[in-house]
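Here the structure is laid out as structure tokens; the discussion comes afterwards.
The values are calculated or read from the model by the stated rules, or taken from the named source; none is laboratory data. It should be emphasised that the depicted structure is a prediction, and the values quoted were computed from it without experimental measurement. Cβ: placed from backbone, ideal geometry, glycine included. Neighbour counts: every protein chain shown. Protein only, heavy atoms only, side chains kept; ligands, DNA and RNA dropped before computing areas. Shrake-Rupley method; radii C 1.70, N 1.55, O 1.52, S 1.80 Å.
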Amino acid sequence: MMATDVEDFIKQNREIADFVETFKTLSESEKHWQSRKEFILRNFTEFEEAHIDNLLSLSMVWANHVFLGCRYSPDLMEKVKLMAEGIDVHDAPVFKTRDEIMKQQR
């Protein structure tokens, strides 16, 4: 689903879009939320209503990786990266591992 597809989805599914808006956390910046919301909307139809909490958890994993530099198991990272394919995050922070920093200092 491309960005324009997400916009079309929102227009056609206003009730779902409004429901997704309730998942924004108080600590999320608008930039962070808009990216995570796109992740949720792109994948919403793949999850049954009873499993939306799984989607929300995966959206937080992805957002924490992108915006905070958190790392998770390779299998989980592969899954969320596939789910986020096509999401364009502008000015995302770039993180370096301790090993990369140490290597750079030599």
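As a check on your grasp of the helix formula, calculate [θ] at 222 nm for the chain: sum -39500 (n - 2.57) over DSSP H runs of n ≥ 4, divide by the residue count, round to the nearest 500. List each step's numbers first, then the result.
Working: 6 runs with 62 residues, N = 106.
Calculated at 222 nm, the ellipticity per residue is -17500 deg cm²/dmol.
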Among 40, 60, 9 the positive-end extreme of the charge dipole of region 1-87 (Cβ point charges): 60
For region 69-84, in order, what is each residue's ³J(HN,Hα) by Karplus, 6.51 cos²θ - 1.76 cosθ + 1.60 with θ = phi - 60°, in whole Hz (x at glycine and Pro)? x, 5, 10, 9, 4, x, 4, 5, 4, 4, 4, 6, 5, 5, 5, 9
May I ask for the angle, rounded to the nearest 10°, between helix 3-12 and the longest principal axis of the chain, with both axes built from Cα atoms and the value confined to 0 to 90°? 30
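Keeping all protein chains in place, calculate the accessible area per residue for region 1-68 (probe 1.4 angstrom), answer in Å².
Details: 4040 Å² over 68 residues.
Dividing the accessible area of region 1-68 by its residue count gives 59 Å².
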Which lysines, on any chain, are close to residue 96 with Cα under 28 Å apart, when same-chain ones fewer than 8 places away are left out? 24, 31, 37, 79, 81
Quick check: at a probe of 1.4 Å, how many percent of the accessible area of region 50-106 sits on carbon and sulfur atoms? 52
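If we count GluC sites (Glu not before Pro) as exposed when they sit in a DSSP loop and have at most 15 other beta carbons within 10 Å, what is the longest stretch of the chain that avoids them all?
1-47
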Rounded to the nearest 20 debye, what is the charge dipole size of region 1-58 about its Cα centre when +1 sits on each Lys and Arg Cβ and -1 on each Asp and Glu Cβ? 220
